[in-house]
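Below is one structure, written out as structure tokens, with a few remarks after it.
Every read-out reported here was derived from the displayed coordinates using simple, explicitly stated rules and does not represent laboratory data. Bear in mind the structure is a predicted one, so any value in this text is a computation, not a measurement. Glycine also receives a Cβ, built like all others from the backbone with ideal geometry; neighbour counts cover every protein chain displayed.
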Amino acid sequence: MLDTLRRRRNRADVLRFLQVGGVYVATALILAFNLLFTPNFATLANLRLQLVQVAPVAIVAIGMALVIATEGIDLSVGSTMAISAALLPLYIGYGVWPAIAVALLAGVAVGAVNGSLVAFAGMQPIIATLGVLVAGRGLALVFANGRLTELFDPTLDSLGNDSVLGVPISVLLVLAVAVIAGVVVRRAAFGRQLLAVGGNRAAASLAGLPVKRTLVAVYVVSGVLAAAAGVLSTARQGASDPSFVGLLIELSAITAVVVGGTPLSGGRVRILGTLTGALLMQLITATVIQQNLPDSTARMIQAAIIVAAVYVQRGRSRA
Amino acid sequence: MTTPAIDVRSVSKQFAGVRALDGVSLELNSGEVHALVGENGAGKSTLIKLITGVYRPDAGEVRYLGEPVAFARPRDAQAAGISTIYQEVNLVPLRSVASNLFLGREPTNRLGLIDYRSMHRAARETLSRYGISVDVRRPLGELGLGVQQMIAVARALSTEARVVIMDEPTSSLEPREVDLLAGVVDTLRRERVAVLYVTHKLDEVFRFCERVTVLRDGRRAHTGPVAGTTRLRLVATMLGRDIDDVREHGATTFTDEHRSVAGEPTLRAVGLSRRPYLDDVTVDVHAGEVVGLAGLLGSGRTETAKAMFGADPVDSGSVSVDGRTRRRWSPAAAIRNGVGMIPEDRKAEGVIAELSVRDNIVLAALPRLTTAGFLSDRRQADLVDTFVKRLRIKVASTDQKVRELSGGNQQKVLLARMLCLHPKVLILDEPTRGVDVGAKAEIQSLIDELAEQGLGVVLISSELEEVVEGADRVLVLRDGAVVATLRGDDVSEERVMRAIAVASDEAAAEPSTTDAPAPEDPHA
């Protein structure tokens, strides 16, 4: 009798621990596995490669986490990356920084469209951003005439491939974005409004919070971050490829957010968890490749982890 | 000696080291309506959940019809014949009334598909037995809370229950519906069903129940026949206080004196109309005055409050503060102009359950606590500490999640959220609903105190006594219109009821007293 009780309690504790810490444990496990069994894993070059590869997803995922905290979702991030990538070669003639500024402004514009559709037109986020997902990629191809354009710009190249003190610039960028997002969520009024809107929109509205403005703002943030990821990807490849850049990244980003412990039901957000979630998914892919297993294996493992993450979340919402 | 339907034998239950129940016993006999009363946190909910299999006791046992039972989950308890009607309606708002009534046991035709026609017919019959007439095809969510609750009751009763547990069934019912429920309870008693009736309302204990059990701080403080006790004694037992102390306070904690006010109203809502809910409602609120809005459920009290606060759009009408008419009225504008509101539905529109007590309290004050968009921890903490102390909000820490608090403390959090804005006018929609006796008394004295300090208050309550004793002036609403305004000595429960009743009679009598001929049938 007492034994079953203890087992039940232990089970509840384990579940609660997994909700918050599961992603860290899983990441630690896969790192340990690779250090032991994957040849040439523990080299600086390989670790750096993993981080650089995950950078665009991580940046997009942070924006996604904020949107999900408002009980929304942003499917248009991949297309936003494409638009931003398509605009770079068009404006690089004015200099690299103006071109990047234009690309980021395009992210603001896409976010404003998404946010307005959700906040003012009252559309379901999944439908509104799905529309923008489709239209955005089309727009990007129009900008680029459907072509891949190679870019030879030293600044852009160093943005994508150089390091400061041994840390790739793109990784530093991810860290900066994560720190800012963390501070905003914890210490800024905007972060509090975000969680209030996601936690209980009616209550937020009756407390006089600018619900619509908050919604528009969070989609704008997501749009800008996606545009930044588009710049980063382009810089790393040395080419603007609007047909393929950011393709299906929305799914990776959502996965990172969910695996990282942010519930889809809104009202909560875990920035560090999201980053770790993105890293975990990257490591799974890398492990499978380096173990010479088919790519489909990576997908199945990822799918299993997503299901497990959602299962653990479900436990929380019932508690 | 008959076997009790439910025999709870000295059960104990702890949560994270906190003792929720400590050796509590309860015998519930067939054909008995047994009241279970106690302040929030007394252990009523925990006891119900132990009986219905949501929790298991740490010690002690529950017997059902003489046999020890341990239901794995509420559904098993229900299948065994123990039906529970929860305080918050547990139905599917988007599905039709009939689907809700037959949820999980829909009649099917030969193909195994739902037979809607017979389901609708059966639903109509079931509901008409309880005097409810609604279109059973309408989504449940479109109906009033009271009707939803009655449908929850009807659903529980139509499952052939041997034991029915009612958890504050009348908290959202209007008096007419309470009468209906009284009839239902009588039927249950005649059919030898055992009823455990959890309530905050002493009226109902004396009206419905034979025996009463009082819980206090997780222990049984009293069990005995209702006939052998008095209200005062029950209140005293619940609060664990001296009887003389309670008598001094009276039934509510409002002071008797009525404040009279003069001069310009602080908040003035003129001719608010919104079809079909509001019809030309005008409300003035002066500084230091408590204006009561009385009326039955659905009379437009909540709609008036929301329109005054800018939460609902209006077809026509205007709101002015300090003599200036405000355009673009919204909750945010209202708060900026010193008008606050606490909504009726605490869970759906009030608290943000996942946020901490601190975050919930400072929510509306965010713009005032930020410097360049960032929050000052110290200013937040000062503000929160002040109001937690002043309103005596019981929290382990201000980091605690609001959902872990009792109803009374959640309500105080909402009061703190508005009071920290230092409003000129505060609209309170059912401020003491679902709140324990102690918190209720504290909230009532607080309203008095605030009015003394010059706050204008709009007080909405479905408890007549609260409006009558708390308000200086009472507007009686019916069908979205003000039908009477009572002042000073005119404010009494009898007058309010008469205003409601007279208005209803007049409206009902209208067609017969008009001289105009009945409209002709165009097909005749």
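A few comments on the model shown:
- Computed from phi, the 3J(HN,Hα) profile of the stretch B:220-226 under the Karplus parametrisation 6.51, -1.76, 1.60 (θ = phi - 60°) reads 7, 9, 6, 9, x, x, 5 Hz, with x in place of Gly and Pro.
- FRET efficiency, B:Arg219 to B:Arg63 (Cβ-Cβ, R0 22 Å, nearest 0.05): 0.65
- Between the amide H of B:Gln14 and those of B:Ala20, B:Asp58, distances stay under 5 Å, these residues lying 5 or more places away or on another chain, with hydrogens modeled in the peptide plane.
- In chain B, helices alone account for a calculated mean residue ellipticity at 222 nm of -10000 deg cm²/dmol, with every DSSP H run of four or more residues adding -39,500 (n - 2.57).
- For residues of B:64-73, the mean tally of beta carbons on other chains within 10 Å: 0
- For the protein assembly as shown, the share of DSSP beta bridges that are antiparallel, to the nearest 5, is 60%.
- From phi via Karplus (6.51, -1.76, 1.60), per-residue ³J(HN,Hα) for the stretch A:116-126 in Hz, x at Gly/Pro: 5, 4, 6, 7, 8, 7, x, 7, 5, x, 5
- Semi-axes of the equivalent ellipsoid of the protein assembly as shown are 53, 35, 27 Å, computed as sqrt(5λ) over the eigenvalues of the C-alpha gyration tensor in descending order.
- Average other protein chain Cβ within 10 Å of Cβ, residues B:342-349: 3
- Interchain or long-range residues, amide H under 5 Å from B:Ala294's placed H: B:Leu475, B:Val476, B:Leu477
- Close amide H contacts of B:Arg216 (hydrogens built in the peptide plane, cut-off under 5 Å, sequence separation of 5 or more or a different chain): B:Ala221.
- Given charges at beta-carbon only (K, R positive; D, E negative), |dipole| of chain B in Debye: 1960
- Here's the picture: charge each Lys and Arg Cβ at +1 and each Asp and Glu Cβ at -1 in the protein assembly as shown, and of B:Leu181, A:Ala229, B:Thr386 the one pushed furthest to the positive end of that dipole is A:Ala229.
- Equivalent-ellipsoid semi-axes of chain B, from the Cα gyration tensor, Å, largest first: 38, 32, 23
- Each of B:Ala334, A:Asn200, A:Thr129 was scored by the projection of its Cα onto the charge dipole of the protein assembly as shown, and the greatest displacement toward the positive side belongs to A:Thr129; charges sit on the C-beta of Lys, Arg, Asp and Glu.
- C-alpha center-to-center spacing [the stretch A:16-38, the stretch A:80-118] in angstrom: 37
- Bridging of B:Lys412 to lysines at a Cα separation below 25 Å is possible for B:Lys44, B:Lys201, B:Lys306, B:Lys347, B:Lys389, B:Lys394, B:Lys401, B:Lys424, B:Lys440, once same-chain residues fewer than 8 apart are set aside.
- Charging the Cβ of each Asp and Glu at -1 and of each Lys and Arg at +1, and nothing else, the dipole of the stretch B:383-436 about its Cα centre rounds to 120 debye.
- Chain B - percent relative contact order, Cα under 8 Å, separation 6 or more: 15
- Unit charges at the beta carbon, dipole of the protein assembly as shown: most positive-side option, A:Leu248, A:Val108, B:Ala441: A:Leu248
- Electrostatic dipole magnitude of the protein assembly as shown [Cβ: Lys, Arg +1; Asp, Glu -1; Cα centre; debye, to 20]: 2880
- The simple spin-label model puts a point 7 Å past each Cα toward its Cβ; for A:Val167 and B:Thr108 those points are separated by 6.1 nm.
- Chain A shape via C-alpha gyration tensor axes, a/c threshold 1.5: oblate
- Largest GNM mean-square fluctuation across A:Ala309, A:Ala188, A:Ala235, computed for chain A with C-alpha springs under 10 Å, falls on A:Ala188.
- Shielding of A:191-201 by partner chains, average beta-carbon count, 10 Å: 5
- Candidates A:Asp157, A:Asp13, A:Asp241: whichever shows maximal mean-square fluctuation once chain A is modelled as a Gaussian network with Cα springs under 10 Å: A:Asp13
- Across chain A, the mean sequence separation of Cα contacts (distance under 8 Å, 6 or more residues apart), normalised by length, yields a relative contact order of 33 percent.
- Per-residue 3J(HN,Hα) values for the stretch B:196-212, derived from phi via the Karplus relation 6.51 cos²θ - 1.76 cosθ + 1.60 with θ = phi - 60°, read 9, 10, 8, 8, 9, 9, 5, 3, 6, 4, 6, 7, 9, 10, 8, 10, 9 Hz in sequence order (x marks Gly and Pro).
- Rounded, prolate or oblate (a/c below 1.5 giving rounded, otherwise prolate when a/b exceeds b/c) for the stretch A:102-226 by Cα gyration tensor: oblate
- Förster-model FRET efficiency, 56 Å R0, A:Asp13 and B:Glu452, C-beta, rounded to 0.05: 0.65
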